[in-house]
Amino acid sequence: MVGKGLPRVRVVIPCRNEAGYIGRCLQSLVDADRTGVHVDVRVCDGLSDDGTVAVIDGVASKYPWIQRVDNGARTTPQALNLGLRPPGYDIGIILGAHAEVDHAFVLENVRLLNDRPDAGCVGGVIENVYTDPVSRRIGAAMGHQFGVGGAHFRTGRKEGEVDTVAFGAYRKAVFDQVGYFDDRLVRNQDDEFNYRVVQAGWRILLSPAIRSRYYVRASYRRLYRQYWQYGFWKVYVNRLHGGITTLRQLVPAIWVACLVSGAVAALLHPLLAKLYLAGIGAYLLAAVVSSIRAAKAPGDVPGVLLAFATLHFSYGLGYLLGIWKLVVLRQDPGAAHGTSSRQGTAGN
């Protein structure tokens, strides 16, 4: 068992300006099956100014096991650590403010951790809920293997041992052993933490029985910025750990590097130009076929194709710039990124 007596589960939700979503998130936890489990919820709010606080406090007034914690730093890792550092739980679950959990979500996390003593973290599959056609097209790309590679919690293509999950449920013993989330990271704090979990000898397991829904609020501009940051901050994670954490992170950067260097090489010799065009053609063919398979409707295909290109190019460009600024020039990541590492949203 994860502890003596009733398992104590703490759900931590980073949140900032999520008045339209946080109420549904909390209601899903209220409605979830909590039989035989003691649950407390901490919503770590980054000083919201859109009515989010009133929504949280309204729910908390009815359910004392839900409480709001002010997160003055307003970053996601700070929010997670505010919720997870205080003792009093056996299992800590991180959740997004845009998420709604399945009825069996809590109990399935507890069950899997009880069944697998070697697992330090477990998680499940996310079902995207789209708020508009653009979100639907971006979500389709992010739910396809061509778009996100081995992110199995999005694609649902694998059950068992993985290297990361979204909305993970962690044993308290994991935090006692490896520490908490790195509050220097604007992005990739969960991937970096999960890397430390695996390096410490724990397993991370994915189960389709653990299910949640996520309301996708997206634009191509926001997607570009998000994945540019993922690529950039992944380099900083690599610098912290002295090496590459996963090989698949290199693929977009290699693609962008080949795209740029190949254009220059194509000017030098006709054969190189043919090879360059063949490479672009192969990518476009794979992208179009994947877009057709991923699209929810025929009219979505161009938008899915654009999302694939945005995902790959932005991540790869951010990664290459991260190598230059963080590895070659050895700059501080906050200064190199054009913002303080303590800024950023604490929401999802």
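Considering only the stretch 98-118, how many residues are surrounded by 21 or more Cβ atoms within 10 Å (Cβ to Cβ) and either aromatic (Phe, Trp, Tyr) or not in a helix (DSSP H, G or I) (or both)? Break it down into steps so the answer makes sense when it comes.
Here is the first cut: in the stretch 98-118, the residues surrounded by 21 or more Cβ atoms within 10 Å (Cβ to Cβ) are 98-101, 105-106, 108-110, 113.
Pick out the ones that are also either aromatic (Phe, Trp, Tyr) or not in a helix (DSSP H, G or I) (or both) and you get 98-101, 105.
Qualifying residue count for the region: 5.
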Read through the list (1) among the acidic types (Asp, Glu); (2) closer than 29 Å to Gln177 by Cβ; (3) free of Cβ contacts under 8 Å to residues at least 12 places away in the same chain, then give the number of the only condition that Glu108 fails. (3)
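Out of Tyr230, Tyr215, Tyr236, Tyr224, report the one residue that is of a type in the set (Ser, Thr, Tyr), farther than 21 Å from Leu306 by Cα and surrounded by 17 or more Cβ atoms within 10 Å (Cβ to Cβ). Don't jump to the end; show me each part of the working.
Working: Tyr230 fails: farther than 21 Å from Leu306 by Cα; Tyr215 fails: farther than 21 Å from Leu306 by Cα; Tyr224 fails: farther than 21 Å from Leu306 by Cα.
Among Tyr230, Tyr215, Tyr236, Tyr224, only Tyr236 is of a type in the set (Ser, Thr, Tyr), farther than 21 Å from Leu306 by Cα and surrounded by 17 or more Cβ atoms within 10 Å (Cβ to Cβ).
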Residues satisfying the stated conditions in the stretch 25-41, i.e. part of a helix (DSSP H, G or I) and either in contact with a Leu (Cβ under 7 Å, 6 or more places away or on another chain) or buried (at least 16 other Cβ atoms within 10 Å of the Cβ) (or both): Cys25, Leu26, Ser28, Leu29
From the list Tyr170, Tyr180, which one is modelled with pLDDT of 90 or more, surrounded by fewer than 23 Cβ atoms within 10 Å (Cβ to Cβ), not in a helix (DSSP H, G or I) and not acidic (Asp, Glu)? Tyr180
Cβ-Cβ distance below 8 Å, separation of 6 or more or different chains: which pairs start in the stretch 275-297 with a residue that is exposed (fewer than 15 other Cβ atoms within 10 Å of the Cβ) and end on one that is outside any helix (DSSP H, G or I)? Arg293/His144
Just for the stretch 49-80: of the residues that are farther than 17 Å from Val11 by Cα and not in a helix (DSSP H, G or I), which one is nearest to the chain's Cα centre (by Cα)? Thr75
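Quickly run through the stretch 112-149 and pick out the residues that are free of Cβ contacts under 8 Å to residues at least 12 places away in the same chain and charged (D, E, K, R).
Those that are free of Cβ contacts under 8 Å to residues at least 12 places away in the same chain and charged (D, E, K, R): Asp115, Asp132.
The values are calculated or read from the model by the stated rules, or taken from the named source; none is laboratory data. Treat the numbers as computed from the prediction; the structure is a model and nothing was measured. Don't worry about glycine lacking a Cβ; one is built from the backbone with ideal geometry, like all the others, and counts go over all protein chains shown.
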